Amino acid sequence: MTSLGPDLQPLLVIVGPTASGKTRLAVEVAEALSGEIVSADAFAIYRGMDIGTDKPDLDTRSRIRHHLIDVAEPDQRFSAGDFVTAATAAIDDIRIRGAVPIISGGTHFYVRALLLGLFPSPPHDPELRATLDDNWEHDPAAVVSELASVDPVAADKIGARDRQRILRALEVFRLTGTPISEHWKRDRQSPRFRPLMAAPRRSREDLYARIDVRVDNMFSSGLEEEVRRILASGVPRDAHALKAIGYRQVVAMLHGQYDRNTAIEHTKRASRQFAKRQLTWLRSLREGALHWVGGAEDGGAEAIISQWTQHVREGWAP
């Protein structure tokens, strides 16, 4: 058999907005395909952050091997570049052992970086970054406005709440004089895989109801105690890991900014806003076509398996 077109390995990618059921889909597909899951969740990588990230339970992880969960401490930084390096190594290892790698997660910047690569980034300038950090602490709206004025394309893609990427975009502009969006265009790399991308389809009403249930479960299962343990271990309250939805609301609650009920409502609202941004990204993919399927309870796993079988065959001819 000979490969058709570019010699790219097929890769199964299951994405979707928060609380849509992608994790259950990935597990069912992995069980059927003798697969292993590579998590693409920017916060599930952190040890001790279990409840708020809704990690698969230990029983599930004993049945289906998961990669890139619990690989860093909450006071460490784990970049998209770190993810691409680690995920690529995991994919290679899974394939060597004859299993099927399945990417699953909702950090779409990670997914995009894995599938399309990252542009060669200018070096960091610690002094400049410290200045930008200070500016953000004093007036984040002004920092967002500055990025919108020098690079409206990047500002629109990044969003006003993503502190890390906003500051990096400004750092790149100040260092190079060129908007980071122009770097993206110039240095866009060729696809690294031939992906089949699938996501569970949910109505907006169903998705929001699932989000509310998940948040209620997080708080009733001990999210507050989990955050207290993380802070007590010496992790600073402004650590990147604690910017995750749910965690930042609990940190604010513990520091007297609002009560528990308000923290719950703020977490639900932030989760719904995050889901809307994820859906926007899914509707404008440049990584490949997206196949919407039913949830696991509606035959979604079977649909993905059928599409995957066809996808693998399409890349080869006798």
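The values are calculated or read from the model by the stated rules, or taken from the named source; none is laboratory data. Remember, predicted model here, so these are calculated numbers, not experimental data. Every residue, glycine among them, receives a Cβ derived from its backbone with ideal geometry; neighbour counts consider all protein chains shown.
This table checks each residue for (1) surrounded by 15 or more Cβ atoms within 10 Å (Cβ to Cβ); (2) closer than 21 Å to P191 by Cβ.
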site: A239; (1), (2): yes, no
site: V251; (1), (2): yes, no
site: G256; (1), (2): no, no
site: I264; (1), (2): yes, no
site: A270; (1), (2): yes, no
site: A275; (1), (2): yes, no
site: W281; (1), (2): yes, yes
site: R286; (1), (2): no, yes
site: G300; (1), (2): yes, no
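When F274 is tested against (1) part of a helix (DSSP H, G or I); (2) modelled with pLDDT of 95 or more, exactly one condition is not met: (2).
Within segment 266-300, the residues that satisfy the criterion of being of a type in the set (A, V, I, L, M) and either within 16 Å of the chain's Cα centre (by Cα) or closer than 17 Å to G105 by Cβ (or both) are A270, A275, L279, L282, L285, L290, V293, A296.
Can you tell me which residue in segment 31-58 is farthest from A86 (Cα to Cα), limited to those that are among the hydroxyl-bearing types (S, T, Y) and outside any strand (DSSP E or B)? Ranking the qualifying residues of segment 31-58, first place goes to S34.
Look at H124 and say whether it is touching a residue at least 12 places away in the same chain (Cβ under 8 Å) and exposed (fewer than 15 other Cβ atoms within 10 Å of the Cβ). It is true that H124 is touching a residue at least 12 places away in the same chain (Cβ under 8 Å) and exposed (fewer than 15 other Cβ atoms within 10 Å of the Cβ).
Among the residues making up segment 203-223, those that are surrounded by fewer than 19 Cβ atoms within 10 Å (Cβ to Cβ) and either among the charged types (D, E, K, R) or under 18 Å from A72 (Cβ atoms) (or both) are R204, E205, D206, D212, R214, D216.
Only one entry of L285, L242 meets the criterion of being hydrophobic (A, V, I, L, M, F, W, C), assigned to a loop (DSSP other than H, G, I, E, B) and closer than 26 Å to L114 by Cα, and that entry is L285. In summary, P200 fulfils each of the numbered conditions (1) surrounded by 15 or more Cβ atoms within 10 Å (Cβ to Cβ); (2) modelled with pLDDT under 90 with the single exception of condition (2).
In segment 172-193 there is no residue that is modelled with pLDDT of 90 or more, exposed (fewer than 14 other Cβ atoms within 10 Å of the Cβ) and either part of a helix (DSSP H, G or I) or in contact with a Lys or Arg (Cβ under 7 Å, 6 or more places away or on another chain) (or both). In this entry, I51 is excluded by the filter for residues that are at pLDDT 95 or above, under 13 Å from the mean Cα position of the chain (by Cα) and either in the same structural domain as S220 (by TED's automatic domain parsing) or basic (K, R) (or both). Take the conditions within 18 Å of I245 (Cα to Cα) and surrounded by fewer than 16 Cβ atoms within 10 Å (Cβ to Cβ) and apply them to D54. Does it pass? Considered against the rule, which asks whether it is within 18 Å of I245 (Cα to Cα) and surrounded by fewer than 16 Cβ atoms within 10 Å (Cβ to Cβ), D54 comes out as no. Taking A80, is it under 17 Å from the mean Cα position of the chain (by Cα), free of Cβ contacts under 8 Å to residues at least 60 places away in the same chain and over 18 Å from A301 (Cα atoms)? When the stated conditions are applied, A80 passes them. Is it the case that D212 is touching a residue at least 24 places away in the same chain (Cβ under 8 Å), of a type in the set (D, E) and in the same structural domain as L12 (by TED's automatic domain parsing)? Considered against the rule, which asks whether it is touching a residue at least 24 places away in the same chain (Cβ under 8 Å), of a type in the set (D, E) and in the same structural domain as L12 (by TED's automatic domain parsing), D212 comes out as yes. Just one of the listed residues (G16, G21, G98, G35) is at positive phi, more than 18 Å from the chain's Cα centre (by Cα) and in the same structural domain as G294 (by TED's automatic domain parsing), and it is G98.
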